[in-house]
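Below is one structure, written out as structure tokens; the observations come after it.
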Amino acid sequence: MRICVILEGCYPYVTGGVSTWIHQYMKGMPQHEFVVWAVGANAKDRGKFKYELPENVVEVREIFLDDAFGMQLTKGKYQFTEEEVRELREFVNCRRPNWEKLFKMYHDRRISPIAFLMSEDFLNILTKICHEEYPYVSFSDLFHTVRSMLLPVLYIMQTEVPKADIYHAIATGYSGILARLGSYVNHAPYEITEHGIYTREREEEIIRAKWVVPAFKRFWVRFFYMLSAAAYEKASGITSLFDKAMEMQIDMGCHREKCRYIVNGIHFERFCSMPLKKENGFIDIGAILRISPIKDVKTLLYAFAELKRRVPNARLYVAGPEDDKEYAQECYALNEHLGTRDVFFLGTVNVLEYMEKFDFTVLSSISEGMPLSVLESFAAGRPCVVTDVGCCKQLINGMGDDELGSAGYCVPPMYREALSDALEMMCVHPEERYQMGITGKKRVELYFRHEDMIQNYLDEYDEVFRRWRESDSA
């Protein structure tokens, strides 16, 4: 079987998180061929892979969204039909266009994206939106906002589609649109897997974003909801990582019978024989994460500064790449301003080597799915302090029939006092910390093994093909 995995903003350009997951996922299915269809933001990243691709990756296709803004208007005008204008009006309004009709226009007939965005039809649609929704906003601001919003989507519709037996998008968004396009072009099923709920994550980013004109934040959120709805609509299977995420997908319009959750899995044997840290007079805390706003490193630094006043022999190691260089510089400056000793930024490290040095780990994110770093920490017998996002609380306390007990502490996100208190509890109660570590190791051994996850996805593919055949014959 040839599986086309479609990825946005991660593999093979970024390490950790979803990138690590998909790398191990493809290696776990050596009997199948994979095509990597990667969507990136900046063309400067072309070919700059952070991973050595597995042997069963037979093709890589790269798409960069900023290439859309270098397109030139082709000669001649295109006269849109009333039906086409109706679908484009739905598209511009970020409602529910007929995507197959858009694919026919922009993929099959290769209509220039610029032709529409410079047309009288587009200006008429936009003028109506401006009068009805933004009467006190500059039309020019609205024009450039909507153009920058829609052009990359029209651009990716024109891309050449790789052949595959199934298209598997590891998110909705742009990658979800490509999965639906692949299904349309090559008459094959497509599957959506979300590690975090894409629309919720984009909504959080838009709310915080400085580059978005405040008046248009709601419009941007509506845009991303439109993309996700398009991906969900025709998917033959939709998976998430835990039950609450699945319920969110259903609430956003997914058919329940197409939804299931498949938990993450790790290679337990790589970590399970790791000895406890040798006594060195310090309590060493590991934060294995990418330095980015969504990981909320700043709250962690504030919390550790308070912890240091209570537990002078505590040390913090932030192990992970600078996912957002501007944010990383802000974190370094904050730590210098706080004057906290014993905070070490390690950059990208071999987790196996550094886990030995930690007594326990911490994750201070404001958004997560099912973080692999927590599972790896558990497998090594290191308990965790986490924030109550994604399924982190369930990882700490157990999911379903799991009654093993607690493997750490869970605190509200962005609550530095609670985070500092939890870190202190972990530092000053070594026996309880040890027992929590045993619990975490047992939890991963029983419920979060890589081989079980791979088999669950293979079973899901079988179910996707069954649904596809049934819908195709209906």
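Output the peptides 364-377, 423-436 sorted from most to least packed, where packing is the average of other Cβ atoms within 10 Å over each peptide's residues.
Order by mean packing, descending: 364-377, 423-436.
Just need the relative contact order of segment 382-474 here, percent rounded to a whole number, with Cα pairs under 8 Å and 6+ apart.
The value is 27 percent.
Write out the trypsin sites (Lys or Arg not before Pro) in segment 98-138 meeting two conditions: DSSP loop, and at most 16 other Cβ atoms within 10 Å of their Cβ.
Listed in order of number, the matching sites are Arg109, Arg110.
Determine the calculated [θ] at 222 nm for the chain from helices alone, applying -39500 (n - 2.57) to every DSSP H run no shorter than 4 residues and normalising by the residue count; nearest 500 deg cm²/dmol.
About -14500 deg cm²/dmol.
Just subtract the alpha-carbon distance of Val58 and His131 from 0.36 nm times their residue separation and send over the number in nm, one decimal.
21.2 nm
Restricting to Cα atoms and excluding each atom paired with itself, what does the Kirkwood estimate give for segment 335-416 in Å?
14.0
For segment 44-86 and segment 159-174, compute the distance between their C-alpha centroids and round to whole Å.
Taking the Cα centre of each part, segment 44-86 and segment 159-174 sit 13 Å apart.
Over the alpha-carbon set of segment 189-315, divide Rg by the Kirkwood Rh and report the Rg/Rh ratio to two decimals.
Reported Rg/Rh (Cα atoms, Kirkwood Rh): 1.11.
Hey, if you put +1 on the Cβ of every Lys and Arg and -1 on every Asp and Glu Cβ in the chain, which of Val146, Tyr302, Gly398 ends up farthest toward the positive end of that dipole?
The listed residue farthest towards the positive side: Val146.
Using Cα pairs under 8 angstrom and six or more residues apart, how large is the relative contact order of the chain, in percent?
It comes to 13 percent, rounded to a whole number.
Mean shadow of segment 138-199, computed from the convex hull of its alpha carbons, in nm²?
About 5.0 nm², averaged over all directions.
Given q = 0.07 Å⁻¹, what are the Debye log10 I(q)/I(0) values for the chain, with equal point scatterers placed on the Cα positions and solvent ignored?
For the requested q values the scattering log ratios are -0.40.
Run the accessible area of the chain with a 1.4 Å probe and give the carbon-and-sulfur part as a rounded percent.
Heavy-atom surface of the chain belonging to carbon and sulfur, 1.4 Å probe: 50 percent.
Have a look at segment 170-240 and give its Rg and Dmax from the Cα atoms, expressed in angstrom.
Every Cα atom of segment 170-240 included, Rg and Dmax give 13.4, 41 Å.
Under a straight-distance cross-link criterion of Cα-Cα below 17 Å, which lysines are reachable from Lys101, leaving out those fewer than 8 residues away in the same chain?
Hits, sequence-local ones excluded: Lys234.
Please compute the modelled spin-label separation between Asp388 and Arg270, points set 7 Å along Cα→Cβ, answer in nm with one decimal.
3.2
Explain nothing, just compute: Karplus ³J(HN,Hα) = 6.51 cos²θ - 1.76 cosθ + 1.60, θ = phi - 60°, for every residue of segment 447-453 in order, whole Hz, x for Gly and Pro.
10, 10, 8, 4, 5, 5, 4
May I ask you to compute the full-extension gain from Leu352 to Lys278, defined as 0.36 nm times their residue separation minus their alpha-carbon distance, rounded to one decimal in nm?
25.1 nm
What is the packing order of peptides 41-49, 453-461, taking the mean over residues of other C-beta atoms within 10 Å and listing the highest first?
The most tightly packed comes first, giving 453-461, 41-49.
Taking the Cα atoms of segment 4-116 alone, what are Rg (to one decimal) and Dmax (as a whole number) in Å?
Values for segment 4-116 (Cα only, Rg and Dmax): 18.1, 51 Å.
I'm a student and want to see the number: the projected area of the Cα convex hull of segment 372-474, averaged over all directions, in nm².
8.5
Magnitude of the Cβ-charge dipole of segment 15-98, K/R +1 and D/E -1, about the Cα centre, nearest 20 debye?
Here segment 15-98 has a charge dipole of around 260 debye.
The values are calculated or read from the model by the stated rules, or taken from the named source; none is laboratory data. The model shown is predicted, which means the values in this text are computed figures rather than measured ones. Backbone-built Cβ (ideal geometry, glycine too); neighbour counts: all protein chains shown. The accessibility values were calculated without ligands, DNA or RNA, using every heavy atom of the protein model including side chains. Shrake-Rupley method; radii C 1.70, N 1.55, O 1.52, S 1.80 Å.
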